[in-house]
Amino acid sequence: MSDDKKVVDFNEKRKQSIEQKRRTFERVVFQEFLGVYTVVDDQGSNFPIKLVDISKDGCQFQLPFSLKAKNQFKSGTEVTLKLYFTKGSYVPAVVTVRHASEYIDKDGDAWLRLGGEFDTSLPSFKAISHFIDFIYQYAEFSCLDKGESKVFFL
């Protein structure tokens, strides 16, 4: 085969497409459906945060940048997250911060972006694990609605 011809790996293209769908779906769920809060002071005040990405290993989230937040959320710190699916109930999670960085979004807002690992030993992680499975399966099996009256399965 000559060097000017390229072989297309359809499995790799499919994986990339599913990953793009997953990230798009996550953004919608995280912005429109799921409220996430953490405790940020000694008085137990809840503070809203933005979830950016989630997997079985951990998650990435961000909060408005401040020096206090940067000093509070250092590597190794355990952060309690409250994942609200309704106004009155949440699933608790504990994340150990592994990295923190400053991030400027497209609007020029400064954020402290944190990544960490879930404490998988907590009983509540079972619910979070199923939620993560749902996100991944939705990305793989969801279809665009083009107005068809029948449902087709591939």
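Some notes on this structure:
- Relative contact order computed over the stretch 99-141 (Cα-Cα under 8 Å; 6+ residues apart), in percent: 24
- Cα long-axis angle, helix 10-28 against the chain (0 to 90 degrees, to the nearest 10): 40
- The listed peptides 62-75, 9-22, ordered by packing as a protection proxy, come out as 62-75, 9-22 (highest mean of other Cβ atoms within 10 Å first).
- The chain - convex hull of the alpha-carbon atoms, volume per residue in Å³: 217
- Local electrostatic count at Asp133 - Lys and Arg +1, Asp and Glu -1, tallied over other residues with Cβ under 12 Å: +2
- Taken along the Cα-to-beta-carbon direction at a fixed 7 Å, the label points for Tyr84 and His99 span 3.1 nm.
- Taking the convex hull of Cα positions in the stretch 54-118, its mean projected area over all directions (nm²): 5.1
- Cα-based shape type of the stretch 77-154, given that a ≥ b ≥ c are square roots of the gyration tensor eigenvalues and the cut on a/c is 1.5: oblate
- Taking every alpha-carbon pair under 8 Å whose residues sit at least 6 apart, the stretch 52-111 reaches a relative contact order of 30 percent.
- Using a cutoff of 8 angstrom between alpha carbon atoms and counting only pairs six or more residues apart, the relative contact order for the chain works out to 21 percent.
- Axis angle, to the nearest 10 degrees, between helix 125-141 and the longest C-alpha principal axis of the chain: 30 degrees.
- If only the Cβ of Lys and Arg carry +1 and only the Cβ of Asp and Glu carry -1, the dipole of the chain around its Cα centre is close to 200 debye.
FYI, it's all coordinate maths here, none of it is from the lab. Owing to the predicted nature of the structure, the values given are computational and were not obtained by experimental measurement. Counting neighbours? That spans all protein chains shown, and the Cβs are built from the backbone with ideal geometry, glycine included.
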